[in-house]
Amino acid sequence: MSAAALITIREVTKRYPGVVALDAVSLDIREGECHSIVGENGAGKSTLMKILSGVITDYEGELELRGENVRFSGTRAAEEAGISIIHQELNLVEELSAAANIFLGREKVRGPGLLDDAAMEKAAGELLESLECNVDPRERAGALRVGDQQLIEIAKALSLDTGILIMDEPTSALTESEVARLYRVIERLREQNVTILYISHKMGEIFRISDRITVLRDGQLVETLDREATDPRRVTHLMVGREIETTSFEEPRRPTGEILRVDQLSLPWPGHAKEWRLRDISFSLQGGEILGIAGLMGAGRTELMECLFGASEVPYQGEVTLDGEKVRFRHPAEAKSAGVALVTEDRKRLGLFSQMSVGNNITICTLDELVSMPLRQIDRSKETAAARESIGQLAIKTSGPEAQVTSLSGGNQQKTIIARWLRTDPKVLLLDDPTRGVDVGAKAELYRLMDSLCRDGLGILLTSSELPELLTVCDRIIVFCEGRLTGEFTREEATEEKLMEAATQIE
Ligand SMILES: Nc1ncnc2c1ncn2[C@@H]1O[C@H](COP(=O)(O)OP(=O)(O)OP(=O)(O)O)[C@@H](O)[C@H]1O
Ligand SMILES: [Mg+2]
């Protein structure tokens, strides 16, 4: 099967100090196809997409669009040529409304200098509705959850009349039902002959929507495959260059007794018709156990973790017992010193210190251990050693502790935050969708790490946007639906169907 190339990428190379992010990559993209780009964290996927969409303008090699040489001076130029991108790290202006974000730089006006807010809100409302998203277009973008923000990014790209749509991990923060919704949108776009370039770490997704799949490894193109002629195992193998052991934990973990108990926890929802964000939540977590929380977006999983970490904006009702003692944290610092750690779903807003180095990001919560005595100063060599240890333990791909954290690929930023909290040596580890954007190999590493931490007596509370992940690693799974606990299953009992059923059980 041969079709005319819509885009020809010829010998494209991108260098950063100390890293070759892309190394002479050549590739054809065909008109109307859905082409997935896969590879480990740091393989160069986002870099290639940023070059195609005019975000990166300084590179070696050539691009052709419909046989004509092009070199975009910026994203506007790429958009004019019909290429738009949904970024992996969401790019919204937090202070502006959802609608204003969607039309940023292309505002609708009523006259010179007069914004037509009503028209933008109406159009934004329609776009969001087509995504089956019920966010109010007037809502401030910064007040929305990551999953909704992701939908706003998608709406923004759709508002441009695009011939080529690049989606860089569009589903990483979406739950299964939202992903299904996105598939419907992609289906519609394909009917309109939109060419789609798609990045994801989820093999199921890749095999469901792609016509062709290109594998990158260490900045080089390994192979482009027809979806029909390959399978997930082969693609994974090409990505990592070795077999990945499928993780299964045959040897049962040995719970060491209750470490965390939550009794009748309720979280008010001021100014909201539903009154309660969380209602009457009770459960118990043992040391040495991984307890999963399943639920759709908005079910209240993140809010529960925020309550347990002293980070909820509104005080909760009910009781929390940690290691036999009643606790009520008013601030994350209190939670941290009591032995509770949280890895959040939203690394950009709550997790990363983007001005700092990788090393500082790793050690920021444990600096007191790195103070050398007489002068009470931070011992920089100890700090570097600690950072190096974590970089090795989690296989964070970076030139070293001194590198700026923003120079890391998305998945490696996530690993940096996990590393930080593991260093605090917690009793209870709250993991809110920790493998979002993490590649298959690194996921397997992370599962093994979680397992071994549990065997040392740590208790883990885990949410995930992927049910198979919960089914792989958890000993028990509880299910939330609209702020209530609607199901509890042991690993043996749990199936995707049962979890979905409990997650959508509306009273
Ligand atoms: N601004 C930058 N400065 C320095 N190095 C960078 C910069 N941006 C990317 N890199 C490096 O380039 C390489 C490729 O990064 P890229 O973001 O393209 O990876 P990716 O395949 O998208 O990974 P992920 O799956 O984690 O998102 C990585 O080693 C990364 O650290
Ligand atoms: Mg990326």
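Read-outs throughout are calculated quantities, based only on the coordinates presented, and are distinct from any laboratory measurement. Every value quoted in this text rests on a predicted model; they were computed, and no experiment measured them. Don't worry about glycine lacking a Cβ; one is built from the backbone with ideal geometry, like all the others, and counts go over all protein chains shown.
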Which whole-number percent gives the relative contact order of segment 15-67, counting Cα pairs below 8 Å spaced six or more residues apart? 31 percent
Cut-off 20 Å (backbone N to label point 7 Å along Cα→Cβ of S372), residues of segment 392-409: 401-402
Kirkwood-based shape ratio for segment 352-424, expressed as Rg/Rh from alpha carbons: 0.97
Please tell me the relative contact order of the chain in percent, rounded to the nearest whole number, where contacts are Cα pairs under 8 Å and at least six residues apart. 16 percent
Using every Cα-Cα pair within the chain, state what percent have a distance larger than 34 Å. 39 percent
Can you run the Rg to Rh ratio on segment 404-507? Use alpha carbon positions and the Kirkwood inverse-distance Rh. 1.00
If the cut-off is a Cα-Cα distance under 25 Å, which lysines reach K122, setting aside same-chain residues fewer than 8 apart in sequence? K108, K156
Please list, in order along segment 324-339, the HN-Hα scalar couplings obtained from phi with the Karplus expression 6.51 cos²θ - 1.76 cosθ + 1.60 (θ = phi - 60°), rounded to whole Hz, x for Gly and Pro. x, 10, 5, 10, 8, 7, 9, 8, x, 4, 5, 4, 4, 6, 7, x
Report Rg (one decimal) and Dmax (nearest whole number) for segment 262-360, counting Cα atoms only, units Å. 14.7, 45
If you average the sequence gap of Cα pairs under 8 Å that are 6 or more apart and divide by the length of segment 352-424, what percent do you get for the contact order? 47 percent
Please state the charge dipole magnitude for the chain, taken about the Cα centre, from unit charges on C-beta atoms (+1 on K and R, -1 on D and E), reported in debye and rounded to the nearest 20. 960 debye
